[in-house]
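Bear in mind these aren't lab numbers, they're just calculated from the coordinates by the rules spelled out. If you're wondering where the values come from, they're calculated on a predicted model, not measured in any experiment. Neighbour counts are summed over all protein chains in view; Cβ atoms, including those assigned to glycine, are modelled from backbone coordinates with ideal geometry.
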Amino acid sequence: MAEEEKITRGKEKESLQEQVEEKESKEEAYKKQLFGTFGGVFTPTLLTILGVIMYLREGWVVGNTGLLGAWAIILLSFAITGFTGFSLASITTNIRIGAGGAFNIISQSLGLEVGGSIGIPLYLAQALAVSMYIFGFRAGWQWVFPAHPALIIDLATFGVLFAIAFVSAGLAFRIQYFILAIIILSLVSIAWGAFQGSMQHPVQWLGEFSGSAETGFSGIGFWAVFAVFFPASTGIMAGANMSGELKNPRKSIPVGTLSAIGLSLLIYLALAYWLARSATTDELLGNYTVMIDKAAWGPAVLAGLLGATFSSALSSLVGAPRILQALGQHKIVPASGWLTKKTTKGEPRNALFLTGAIVLGALMLRNLNAVAPLITLFFLITYAMINIVVYLEQSMKLVSFRPLFRVPRFVSGLGALGCVFAMVVVNPIFSIIAIALVLVIHTVLIRRHLEAPFGDVRSGLFVALAEWAAKKTEELAAARQRTWKANLLVPVEEIKYLERMFDFIRDLSYPKGFLKVVGLTGKAREEHLEDELPEIIERFRNEKIFASWTVISAASFGDNLQAGIETFGGTFFKPNLLFLHMPESAEREAEVAEIIKIALENRIGVLLFVDPAERGLEAPGRINVWFSDRSPDWEVRMELENQDLAILIGYKLMQSWEAELTFVAALEDENRADAARKFLDNVAAMARIPQAGIAIQPGGLVREFDVDPGDFNLIPLPASPDFDDLRRIAERTGTPCLFTRDSGDEGALA
């Protein structure tokens, strides 16, 4: 009984979920006809796959490659699209897919910019494919009526297609049922021909790759034959493109798409065997309509050919405007407001008008052979991105990725690789052009700062990459002198102090450093800091500085800052510089001295700023970097003993301010002046700063300066500083000063 109750509850749960999804899809401002799995997905997908290549080129494939080669090409082609179909089924059971099919799927995972850069080419490919299918329909029509003018046939076919699509998608789908019946009749005619004895020839398992009549049977390679056949297996998005018109897309797209792929694969394999047994190699190579000749009733196969090309064109003409309307809905294309308008029944008429104009323009070109490979490649890029989306979401193991239809990760991985492989085989030059076009569109959309009404997984993707990088970094050697950059931790008690120091802190961090601001309660209330810090952090971000903030509340300045240092010290992206200003009281001096000690214990360098004249930092033109007396040993070593940070900061500020940089030796023993000067020359050369000037200050920092104090001074900070001495030094320079203490991870000579 318990087991029966469990099964009953499970069925009730599934039924409730289906009811909720159907209700959500119907709750729109307008009333429209919604389609189910068979009519909305299975039929258009199957009819698109069973197209002109099946009727006119499968025999040629068998004739060139033999039956084994043909089966190999068919299986490889359907493996690529089949893996994509499985990925499509998985992702559509994980999200509430909206209008736009593949565009909507990709956008919900990788953002509107990526979705749009794929969606625009996909729309164009879908629209241009209508013209290609019309040309195919005309070829079949002229086989019966060779005297009919090609242009008249094309325009008449387009007129009928456009009229059907204009009335409604419902009419298009009802007509497709009739076409499906015709194609079934053509397949029955072929099967009946087999039973009547058409399969009289022995199977040629391996072909000689003779080529085609157009090239004088000069020979062809396996992959060239594959490139001709592969477009037959595409078209799996015909149902997904109608995602906004389905009652339950989460259910209909997986079931309808995979069923259509599976059935069409069986049909292609069976037809290859029938062709190999029913015609000679010469017939297969030289007669593209061999299926009509070998069937029990040829007119049925001809009708199937006409119906297949007509239905494929109709599916594309119905699906393309819906992709365009979805693009307009998110303001990705020009005239978005006009394109998003629908009729009361939900028909995107304006998008259909534009699509019709594109199709008509393509028809007037009279030959799309030059861009035909580009159409296939745009489809392949779309398929590859769907596989990549699923692979990434599987790899990140996000809790939000819990599809009702799960596939192994290798399926999406092989699907993506297969699509890339097929692109190279079909046309490597056009592949580069297609990818370049996608990248150009992506660049344009990035600059437009699109706003999506849904979240995506890009942040999760970057977090996963950061976690991987963090693990790899921890496995490497600890020395980071070569990769050092200024990552600042800036404690702030009052916002006005950060505003006053904004330019200076920006120049220290730019271009690759980051900034962590810690709001400390005490002088300002916590609410005040939380209100104002985000605004100034946004200013830093606008200056291309990666900045973040937090507020810490504790009993005192020292406790606050100690908590911040210890908290950030345990993170991977931890700061390596603590930015402090000169303490204003004896009590604060003791706290700052303790904070300096804690920072150094956590391998965080210290910058102590003081501006005795409070004149600010308006583009200083001359910077001095001071070196402590090293007498009697003025020898250059890779570790400069608390000088590396001052040199690195001096170099950064020299670049930011376009200032002059001078190395100054604070020399207590005047007899060592030559050794000190040589030392500074060598340091400048080894630090790759040959433009640095050299100066000697006799008597060290305790007497009046003989050297030009410049506009800004960088001075080594003792491990246990005497703040009164530091103030006197700063007053003696009469300039803003930055006292620096190395953490040990800096390396000016690295």
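Here is how the numbers come out for the structure above:
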| quantity | calculated |
| --- | --- |
| Difference of contour (0.36 nm per residue) and Cα-Cα distance, Ile429 to Leu404 | 5.1 nm |
| Cut-off 14 Å (backbone N to label point 7 Å along Cα→Cβ of Phe421), residues of the range 36-74 | 72-74 |
| Total charge dipole magnitude, the range 32-447, about the Cα centre, Cβ charges on Lys, Arg, Asp, Glu only, Debye to nearest 20 | 1560 debye |
| Per-residue ³J(HN,Hα) for the range 415-422, Karplus 6.51 cos²θ - 1.76 cosθ + 1.60, θ = phi - 60°, Hz, x for Gly and Pro | x, 5, 5, x, 5, 5, 4, 4 |
| Cα gyration tensor shape of the range 379-449, rounded if a/c is under 1.5, else prolate or oblate by comparing a/b with b/c | oblate |
| Calculated FRET efficiency for the pair Arg366/Leu75, C-beta based, R₀ 45 Å, to 0.05 | 0.80 |
| The range 625-680 versus the range 489-554: alpha-carbon centroid distance in Å | 31 Å |
| The range 83-91 - phi-based ³J(HN,Hα) in whole Hz, Karplus 6.51/-1.76/1.60, Gly and Pro as x | 4, 5, x, 5, 4, 4, 5, 5, 5 |
| Sequence-distant residues sharing a close amide H with Leu578 (under 5 Å, placed H) | Leu489, Gly605, Val606, Leu607 |
| Surrounding net charge for His148, when Lys and Arg each add one and Asp and Glu each subtract one, Cβ distance under 13 Å | 0 |
| Unit charges at the beta carbon, dipole of the range 611-750: most positive-side option, Ser656, Pro620, Thr735 | Ser656 |
| Part-to-part distance (alpha-carbon centres) for the range 55-112 and the range 316-389, which is given in Å | 19 Å |
| Dipole of the chain, positive end: most advanced residue of Ser548, Thr81, Thr215 [Cβ charges, Cα centre] | Thr215 |
| Per-peptide average of other Cβ atoms within 10 Å, ordering 298-307, 105-114, 335-344 highest first | 105-114, 298-307, 335-344 |
| Protection-proxy order for peptides 48-58, 151-161, each taking the mean of Cβ atoms within 10 Å per residue, highest first | 48-58, 151-161 |
| Dipole of the range 272-428, positive end: most advanced residue of Thr281, Val301, Ser412 [Cβ charges, Cα centre] | Ser412 |
| Alpha-carbon Rg/Rh ratio, for the range 32-447, with Rh computed the Kirkwood way | 0.96 |
| Share, in percent, of DSSP beta bridges within the chain that are antiparallel, nearest 5 | 10 percent |
| The chain, relative contact order [Cα under 8 Å, separation at least 6], % | 16 percent |
| Descending semi-axes in whole angstrom, ellipsoid equivalent of the range 230-379, from the Cα gyration tensor | 35, 20, 14 |
| Between helix 586-601 and the chain: long-axis angle, C-alpha atoms, 0 to 90°, nearest 10 | 50 degrees |
| Built amide H within the under 5 Å cut-off of Phe712, gap 5+ | Arg622, Asn624 |
| 0 to 90° range, to nearest 10: angle between helix 372-396 axis and the chain longest Cα axis | 50 degrees |
| Interchain or long-range residues, amide H under 5 Å from Leu667's placed H | Gln697, Gly699, Gly700 |
| Calculated SAXS-style log₁₀ I(q)/I(0) at q = 0.16 Å⁻¹ - the range 611-750, Debye, Cα scatterers | -0.80 |
| Total charge dipole magnitude, the range 611-750, about the Cα centre, Cβ charges on Lys, Arg, Asp, Glu only, Debye to nearest 20 | 240 debye |
| Inter-part distance where the range 690-750 and the range 191-229 are each reduced to a Cα centre, Å | 85 Å |
| Cα shape, the range 138-235, gyration tensor, a/c 1.5 rule | prolate |
| Whole-number D in µm² s⁻¹ for the chain, Kirkwood Cα-pair radius fed into Stokes-Einstein, 4 °C, 1.567 mPa s | 42 µm²/s |
| CD proxy at 222 nm, helix term only [per DSSP H run n ≥ 4: -39500 (n - 2.57); per residue of the chain; nearest 500] | -19500 deg cm²/dmol |
| Charge dipole (debye, nearest 20) of the chain; +1 at Cβ of Lys and Arg, -1 at Cβ of Asp and Glu | 4280 debye |
| Whole-Hz couplings from phi, Karplus 6.51/-1.76/1.60, listed for the range 155-170; x for Gly and Pro | 5, 5, 4, 4, x, 5, 4, 5, 4, 5, 5, 5, 4, 4, 5, x |
| Extension gain from Arg728 to His201, taking 0.36 nm per residue of separation minus the Cα-Cα distance | 179.1 nm |
| Descending semi-axes in Å of the range 95-197, equivalent ellipsoid built from Cα gyration tensor | 34, 21, 14 |
| Within-12-Å neighbourhood charge of Asp708 [Cβ basis; K, R +1; D, E -1] | -2 |
| Filtered GluC sites (Glu not before Pro), the range 582-612: DSSP coil and at most 15 other beta carbons within 10 Å | Glu584 |
